[in-house]
Amino acid sequence: MQRIMVIGGPGSGKSTLGRKLGARLGLPVVHMDPIYWLGDWVERDKAEAMRMAKEVADGSQWVFEGNHFASMAYRAERADLIVFLDMPRVLRMWRILWRSLRYYGRTRPDMGPNCPERFNRAFLKFCWTYDREGRLRALGFVDDWRDRRRVRILTSRRQVAAFLVEIDRQ
């Protein structure tokens with residue numbers, strides 16, 4: 001396995017799993033957020049973000065974590081494995097609140113430059129309502145790729161831990 005795509009809802013653990021996979025497999029880890037955000041919470045031009053995502057996906061080795069639906073099919077085409085973290089809403093919201101407190105006023109390591117963590121009502125609403133749209137879209141996406149790529153849907157912390165044990169055994 002040389003290219004692993006990790007997707008999932010906000011707070012599902014994409015960045016954490018990406019880092020763990022990268023460390024275990026000796027693969028570079030790429031976070032979508034620095035591609036999407038220029039800095040200061042300004043969105044990058046859509047065409048430029050797509051170009052950058054494709055450039056990374058064209059690489060020979062990576063763990064690429066993040067959603068960015070516009071580039072998902074391109075990344076999936078290059079991936080050996082697609083992992084969808086389908087965590088319960090309560091767990092995701094708890095993680096989002098915890099990370100907001102932990103990094104408040106500071107930029108997380110997996111975020112774009114100068115994008116300090118904050119409490120943002122619109123983002124929290126987006127996270128809360130993810131199950132209605134984003135989750136269904138992601139499930140449809142992985143279902144579409146199931147016959148072409150190896151796909152794993154992990155729905156609990158226990159399944160993530162078991163998946164990492166599998167990776168260690170390979």
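Tell me the helices (runs of 4 or more DSSP H) entirely within the stretch 12-97 that contain at least 3 residues that are more than 19 Å from Arg152 (Cβ to Cβ).
32-36, 46-57, 69-78
Can you find, within the stretch 45-67, the residue that is nearest to Ile167 (Cα to Cα) among those that are in contact (Cβ under 8 Å) with a residue 12 or more places away in the chain and among the basic types (Lys, Arg)?
Lys54
List pairs: first residue in the stretch 1-18 and over 19 Å from Leu136 (Cβ atoms), second residue assigned to a loop (DSSP other than H, G, I, E, B) and among the hydroxyl-bearing types (Ser, Thr, Tyr) anywhere in the structure, Cβ distance under 9 angstrom, at least six positions apart or on different chains.
Gln2/Ser60; Arg3/Ser60
Considering only residues that are more than 18 Å from the chain's Cα centre (by Cα) and aliphatic (A, V, I, L, M), which ones fall in the stretch 99-154?
Leu101, Ala122
Determine whether the stretch 114-130 contains at least one residue that is of a type in the set (Val, Ile, Thr) and within 17 Å of Trp37 (Cα to Cα).
Looking through the stretch 114-130, none of the residues is of a type in the set (Val, Ile, Thr) and within 17 Å of Trp37 (Cα to Cα).
Residues that are among the basic types (Lys, Arg) and under 28 Å from Gly26 (Cβ atoms): does the stretch 113-129 have at least one?
No: the stretch 113-129 contains no residue that is among the basic types (Lys, Arg) and under 28 Å from Gly26 (Cβ atoms).
Every number here is computed from the coordinates shown, using simple stated rules; none is lab data. Since this is a predicted model, take the numbers as computed values, not measurements. A quick note on method: Cβ atoms are made from the backbone with ideal geometry, for glycine too, and the neighbour counts reach across all protein chains shown.
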